[in-house]
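Q: I have a structure here, written as structure tokens, and I will follow up with some questions on it.
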Amino acid sequence: MNPFRFASVFFFLFLLYINVSAQELPVNNEQQLENLADEGQGETDDESWMQDIEQYKKNPVNLNLAEEEELRQLRWLNELQVTSLISYRKLLGALISLYELQAVPGWDIATIRKLIPFITIAMPLKVTGEISGRLKTGEHRVLLRLSQVLEKSKGYDTVEKGSRYRGSPQRMLLRYRYEYRDLLQYGLLGDKDAGESFFKGAQRFGFDFYSFHFFVRKLGIVESLAIGDFTINMGQGLIHWQGLAFKKSSEITAVKRQSPVLRPYRSAGEFNFHRGVGITLKKGNWSSTLFGSMRQLSANTQTDSAAGGEVVTSILTGGLHRSDNELADRLSLRQISMGGNIRFKKKQWHAGINGVYYLFSLPLQKREEPYNFYARGGKRWVNMSADYSYSIRNLHLFGETAADKEGRIAFLHGMLLTVDGTVDLSLLHRYIPAAYQAVNGNAFTEGSSPSNEHGLFAGMVIRPAVGWKIDAYMDLYRFPWLKYQVDAPGRGADYLLQLTCTLSKQVEINSRLRVENKLANMPANQTASNIPVMIRKQGWRTQVSSRLSRSTTIRTRVEIIWYDKKGLNPETGFLFFADWLYKPLLRPYGAAVRLQFFETDGYNARIYAYENDVAFSYSIPGFYDKGFRYYLNLSYDLGKKIGVWIRWAQTVYPGKMSVGTGQDAIFGNKKSELRLQFQYIF
């Protein structure tokens, strides 16, 4: 591997870009999604945020009328910017131009550029308040997505008992959606994964997964009403958070969770939502949300004579039901959930009380492993919490204190501070005992769930000059008890330093260094007992983006990973790609092409890279070994009602005899995927 040769190509392209003319860079949250994929070792199935972006493009948020909850749904605004805009409106009245946003304290040029496609200050269109009117004047969408890996994997040919895939290799998604602005929406979704049957066997009713949602807002005292599938987001995620939530990234002011409590569920993921009824009532300064849900979950079960029958050893979240073994676990556990919150808000502060209760049809009893010593068990579970926030001038305080069924207390408190127009600070402390457990918790933590963690995060943004931005954070944490693949109480520290240079409206350069130090079992340990050692992972990434014209964008990235560089089992990873994005104005077609090379010494040095996909979808593959990858996206609008997308992607691993592992292993050195999508609007 010779990364310096590719780096030289990268910098040659950089020198070329400096002299081109273009418009503003596109809006994206790619880095945050890549971090989520890296932390969870996979992609998230939550496409709702992409649907929200499309909705904001068609119905921009009116900054002169939007309430705080509506502004918080714009993911590019932090709490200080939301309260600052509200205060500015109260003091000086309605905005008369989007250029006036530069005068709002805390609103920098970069934030305003991100928001331009999704905001307006124009006079609002007349909206229909009655349900009958909303049902007649909205927009219907039907979307069909088909995709297939063209090479046959082991699961379709295996003779292993219970492991053979029963269905076809195509993945299929069908979605119908109706929307009247953000006031009424309903829809039906069906999803079939590759390898699952369709209209036969266990899936004799067609799709393996169906989802329905009906969601209405602002009907008098009813702030929102959800029937069918929905998500619940409470406090700072210590007891319950089901929506998409980012963790550590260069967006250091995104440490605070912010979302309406009740949201419709519109994605194809088969786990992280409720099914039933939810309602939010609002009167004056008071609001309250109540919900009830009953769902069938897939789970691993086994008979335990000591427990007097069958117990659940793990709940499955992947949603795959392809083989007899996977089908045996399908919908084997019933979960009843109910709960809600009460919230009081006045001017610049709020306080809330949250609670959720679970009842399972079978007792939970994780396998007897030392790291599972504190795992929740039994048929019932309860979590309760109190959360708050308070803003004063350029300071915002927030937090949540929670308790579980056994009375174990956890808390999380944070602060956002704008020192002046050039410096922002964030600070977050969490104390979550090893024994604390939450079924649907998702807080700002190092671990995947809020448990067994004490930590302190500190971040800083500095804007030393126009077009320059420095982001930095430090996160120190420790784990009081054992974790999976860490056979001792552990600790760790993460550091990030990122420099962003916007040379003009045409060119942006982004370079970052990230260092992670974490205690883990020694890789390839040959002794009788595991020996925890400190593992260091370092990563350097530089990306250059530019539009060569009003229709063409070029983007390149180089990234290098050093895993355990001075340890016994060091690994190095390298990735380089170049993108060409083409979308001419007022034309019905567009295209995106990527050429990529990667080489790593092993899985520990894998690198994740966000990929453009068909509309309302994205991909974040993890790359390891040595190979080349390319993809081509094409889109075409047949008038205003019909859209067509085609995507072809292929990864080639020179010299390899097989690709993938387990039942998904492919004989050969290539993996190719074709994806087609059609949308009809009426």
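The values are calculated or read from the model by the stated rules, or taken from the named source; none is laboratory data. Note that the structure is a prediction, hence the values are computed from the model and not measured. Heads up, the Cβs are rebuilt from the backbone with ideal geometry, glycines too, and the neighbour counts pull from every protein chain shown.
Q: For region 588-605, which residues satisfy the criterion of being touching a residue at least 40 places away in the same chain (Cβ under 8 Å) and over 23 Å from LYS640 (Cα atoms)? Give the steps one after another, and end with the answer.
A: Step one: filter region 588-605 for residues touching a residue at least 40 places away in the same chain (Cβ under 8 Å), giving 588-593, 597, 599, 604-605.
Once the filter is applied, which keeps residues that are touching a residue at least 40 places away in the same chain (Cβ under 8 Å) and over 23 Å from LYS640 (Cα atoms), region 588-605 yields VAL593, PHE597, GLU599, ASN604, ALA605.
Conditions tested, residue by residue: (1) surrounded by 23 or more Cβ atoms within 10 Å (Cβ to Cβ); (2) assigned to a loop (DSSP other than H, G, I, E, B); (3) of a type in the set (Asp, Glu); (4) in contact with a Leu (Cβ under 8 Å, 6 or more places away or on another chain).
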{"residue": "MET415", "(1), (2), (3), (4)": "no, no, no, yes"}
{"residue": "LEU428", "(1), (2), (3), (4)": "yes, no, no, yes"}
{"residue": "TYR436", "(1), (2), (3), (4)": "yes, yes, no, no"}
{"residue": "ALA443", "(1), (2), (3), (4)": "yes, yes, no, yes"}
{"residue": "SER449", "(1), (2), (3), (4)": "no, yes, no, no"}
{"residue": "LEU456", "(1), (2), (3), (4)": "no, no, no, yes"}
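Q: For region 162-181, does any single residue satisfy the condition of being closer than 28 Å to SER672 by Cα, under 29 Å from the mean Cα position of the chain (by Cα), in a loop (DSSP other than H, G, I, E, B) and among the aliphatic types (A, V, I, L, M)?
A: No; the residues of region 162-181 include none that is closer than 28 Å to SER672 by Cα, under 29 Å from the mean Cα position of the chain (by Cα), in a loop (DSSP other than H, G, I, E, B) and among the aliphatic types (A, V, I, L, M).
Q: In region 22-69, what residues are within 27 Å of THR552 (Cα to Cα), modelled with pLDDT under 70 and in contact with a Leu (Cβ under 7 Å, 6 or more places away or on another chain)?
A: Once the filter is applied, which keeps residues that are within 27 Å of THR552 (Cα to Cα), modelled with pLDDT under 70 and in contact with a Leu (Cβ under 7 Å, 6 or more places away or on another chain), region 22-69 yields only ALA22.
Q: Assess whether LYS626 counts as being surrounded by 20 or more Cβ atoms within 10 Å (Cβ to Cβ) and within 30 Å of GLN538 (Cα to Cα). Outline the logic, then answer.
A: Numbers: surrounded by 20 or more Cβ atoms within 10 Å (Cβ to Cβ): no; within 30 Å of GLN538 (Cα to Cα): yes.
The answer is no for LYS626.
Q: Can you run down the residue pairs with Cβ atoms below 9 Å, 6 or more apart or on separate chains, where the first is in region 409-424 and among the basic types (Lys, Arg) and the partner is in a loop (DSSP other than H, G, I, E, B) and at pLDDT below 90?
A: Nothing qualifies.
Q: From the set of residues in region 324-357 that are closer than 30 Å to ARG204 by Cβ and either touching a Lys or Arg at 6+ places or on another chain (Cβ under 6 Å) or basic (Lys, Arg) (or both), which is surrounded by the fewest Cβ atoms within 10 Å (Cβ to Cβ)? Even if it seems obvious, please write down each step before you answer.
A: To start, the set of residues in region 324-357 that are closer than 30 Å to ARG204 by Cβ comprises 324-337.
Right, trim to either touching a Lys or Arg at 6+ places or on another chain (Cβ under 6 Å) or basic (Lys, Arg) (or both) and you get 330, 334-335.
On the way: ARG330: 17, ARG334: 14, GLN335: 18.
That would be ARG334.
Q: I would also like to ask the following. If you check TYR589 against the conditions, is it closer than 26 Å to ASP46 by Cβ and surrounded by fewer than 16 Cβ atoms within 10 Å (Cβ to Cβ)? Break it down into steps so the answer makes sense when it comes.
A: On the way: closer than 26 Å to ASP46 by Cβ: no; surrounded by fewer than 16 Cβ atoms within 10 Å (Cβ to Cβ): yes.
The answer is no for TYR589.
Q: Here's a follow-up. If we scan region 266-275, do we find a residue that is out of contact with any Lys or Arg (no Cβ under 8 Å at 6 or more places or on another chain) and not in a loop (DSSP other than H, G, I, E, B)?
A: no
Q: Looking only at residues in region 499-530 that are touching a Phe, Trp or Tyr at 6+ places or on another chain (Cβ under 9 Å) and polar (S, T, N, Q), which one is modelled with the lowest pLDDT?
A: Among those that are touching a Phe, Trp or Tyr at 6+ places or on another chain (Cβ under 9 Å) and polar (S, T, N, Q), it is GLN506.
Q: When region 417-426 is examined, which residues are found to be in a strand (DSSP E or B) and among the polar types (S, T, N, Q)?
A: Just the residues of region 417-426 that are in a strand (DSSP E or B), to begin with: 417-420, 423-426.
Hits for region 417-426 are THR418, SER426.
Q: Looking only at region 611-619, decide whether some residue is aliphatic (A, V, I, L, M), at pLDDT 90 or above and assigned to a strand (DSSP E or B).
A: Scanning region 611-619 turns up no residue that is aliphatic (A, V, I, L, M), at pLDDT 90 or above and assigned to a strand (DSSP E or B).
Q: I'd like the full set of residues that are farther than 23 Å from PHE597 by Cβ and in a loop (DSSP other than H, G, I, E, B), limited to region 633-664.
A: Within region 633-664, GLY639, LYS640, LYS641 qualify.
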